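Everything on this sheet refers to the single structure shown next.
The values are calculated or read from the model by the stated rules, or taken from the named source; none is laboratory data. All figures in this text were calculated on a predicted structure; none of them were measured in a lab. Neighbour counts are summed over all protein chains in view; Cβ atoms, including those assigned to glycine, are modelled from backbone coordinates with ideal geometry.
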Amino acid sequence: MQARELAVEGAVEFTPEVFPDDRGLFVSPHQQAAFVDAVGAPLFPVAQTNFSESRRGVVRGIHFTATPPGSAKYTCCVRGRALDVVVDIRVGSPTFGQWDAASLDGESFRSVYIPFGVGHAFIALEDHTVISYLLSESYVAVNELAIAPGDPELGLPIPADIEPIMSARDLAAPTLAQALEAGILPDYATCKRRELATVVPTN
C-alpha cells in the first residue's frame, strides 16, 4: 500500500494494491501496518460506519464535528468516482485555511484519513457514486457543523462542467471567515489531544 501526505497537516491518502482475476477482484482499502507507518499510530477504534450514494454533481460538505468530542474519518469510494477534499479549519494549525484533494474511485479504492477537526467534502463525478466512511465517533446531529463549499476564499476544486447539487444545510453554511468569527471552528491543540486519546496501546 502506498501512502501520500496531503497538504493539510495530518491528512493522508492511501492507495492499496488491487488483485483482479476472472472472478472479479480483491482489495484491502485499510491496512493497519501501512497506516501506522504513515500516521504514527493505529487507526482509531471505529464507532460507526456509513455509506452515501450520490449522483453526478452532488457536493457534500464541508462537514466537521464540534471538538470536543470531534471525529476522525477514513473514507473510500467503493463505486463510481469522486473528488475527496480535506480542508484545514483547525484554528492554530500550521496549515489552517489550506485544502487538498484526492481522486477516489471504485477501481483504485484509494482512501483518505481525515484527522480530528479537519473539514471534509467531496464532489461526485459520476452517477451512483458510493462513499464509505469509518468514523471514530457515533453521529450526533447537534455536533455536526458545516462550512460553505462555495466559499470563494477557499476556492475548492469543483469542476467547471459540474453544476453543484447541495443540501439546504450546505447552501446556508457560513464561510470559513464567518465560522472563525462565530467561534465554532475546532482548536488545533484540542484536536491533537483527541487524536492521542483515541490511540489504543499495542502492548
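Structure above, values below:
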read-out	value
Selection within the range 99-122 - crowded, with 20+ Cβ neighbours inside 10 Å and out of contact with any Ser or Thr (no Cβ under 9 Å at 6 or more places or on another chain)	Trp99, Ala101, Pro115, Gly119, Ala121
Within the range 122-152, considering residues that are assigned to a strand (DSSP E or B) and out of contact with any Phe, Trp or Tyr (no Cβ under 9 Å at 6 or more places or on another chain), the one farthest from Thr65 (Cα to Cα)	Ala124
Some residue of the range 69-92 being assigned to a loop (DSSP other than H, G, I, E, B), touching a Phe, Trp or Tyr at 6+ places or on another chain (Cβ under 8 Å) and either loosely packed, with under 13 Cβ neighbours inside 10 Å or charged (D, E, K, R) (or both)	yes
Listing of helices (runs of 4 or more DSSP H) fully contained in the range 153-203 that carry 1 or more residues being modelled with pLDDT under 95 and surrounded by fewer than 17 Cβ atoms within 10 Å (Cβ to Cβ)	188-198
Residue check, Arg55 touching a helix residue (DSSP H, G or I) at 6+ places or on another chain (Cβ under 6 Å), among the basic types (Lys, Arg) and within 24 Å of Ile123 (Cβ to Cβ)	no
Some residue of the range 55-63 being charged (D, E, K, R) and crowded, with 20+ Cβ neighbours inside 10 Å	yes
Test: residue in the range 130-137 that is surrounded by 16 or more Cβ atoms within 10 Å (Cβ to Cβ), closer than 16 Å to Glu13 by Cβ and hydroxyl-bearing (Ser, Thr, Tyr)	yes
